[in-house]
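Participant: Below you will find the structure I want to go over with you.
What follows draws every value from the coordinates through simple rules; no lab data is involved. All of these numbers come straight from a predicted model, not from anything done at the bench. Please note: Cβ atoms are built from the backbone with ideal geometry, for glycine as well, and neighbour counts cover all protein chains shown.
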């Protein structure tokens with residue numbers, strides 16, 4: 001099925017405007033590297049992490065941090081309502 005989309009144009013739009021991305025586990029070793037790369041690429045990033053294995057200091061200053069567990073529906077709903085992510089990267093270790 002041909003969708004008729006110009007992928008180059010979509011890619012350029014994302015680079016120019018950035019996206020709102022929520023990263024679970026973004027305060028951990030791998031997550032913090034991914035978050036740093038997203039921020040450097042111009043995306044608006046919110047890290048959602050319970051800090052059980054991650055560290056607050058690992059979150060870049062230009063990223064927002066929400067401390068919460070993915071099993072905590074109220075905190076997760078509040079993060080989605082406040083930040084309205086366009087993409088989610090689930091990097092939680094367990």
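Participant: Would you mind ranking 90, 43 by Cβ crowding within 10 Å, fewest neighbours first? Please list the in-between numbers first.
Facilitator: On the way: 90 11, 43 21.
Neighbour counts put them in this order, fewest first: 90, 43.
Participant: Another question, if that's okay. Evaluate the distance, in nm, between pseudo-label points positioned 7 Å from the Cα of residue 74 and of residue 57 along their respective Cα→Cβ axes.
Facilitator: Output for this residue pair reads 3.2 nm.
Participant: Which of rounded, prolate or oblate describes the range 7-90 when judged by the alpha-carbon gyration tensor and an a/c cut-off of 1.5?
Facilitator: On the way: a/c = 2.38, a/b = 1.47, b/c = 1.62.
Cα axes put the range 7-90 in the oblate bin.
Participant: Can you sort 58, 64 by how many other beta carbons sit within 10 Å, fewest first? Let's see the in-between values first.
Facilitator: Details: 58 20, 64 15.
Lowest count first: 64, 58.
Participant: Take every Cα pair under 8 Å in the range 7-90 that's 6+ residues apart, average their separations, divide by the length, and report that relative contact order as a whole percent. Walk me through the intermediate numbers first.
Facilitator: Details: 142 pairs, mean separation 28.4, N = 84.
It rounds to 34 percent for the range 7-90.
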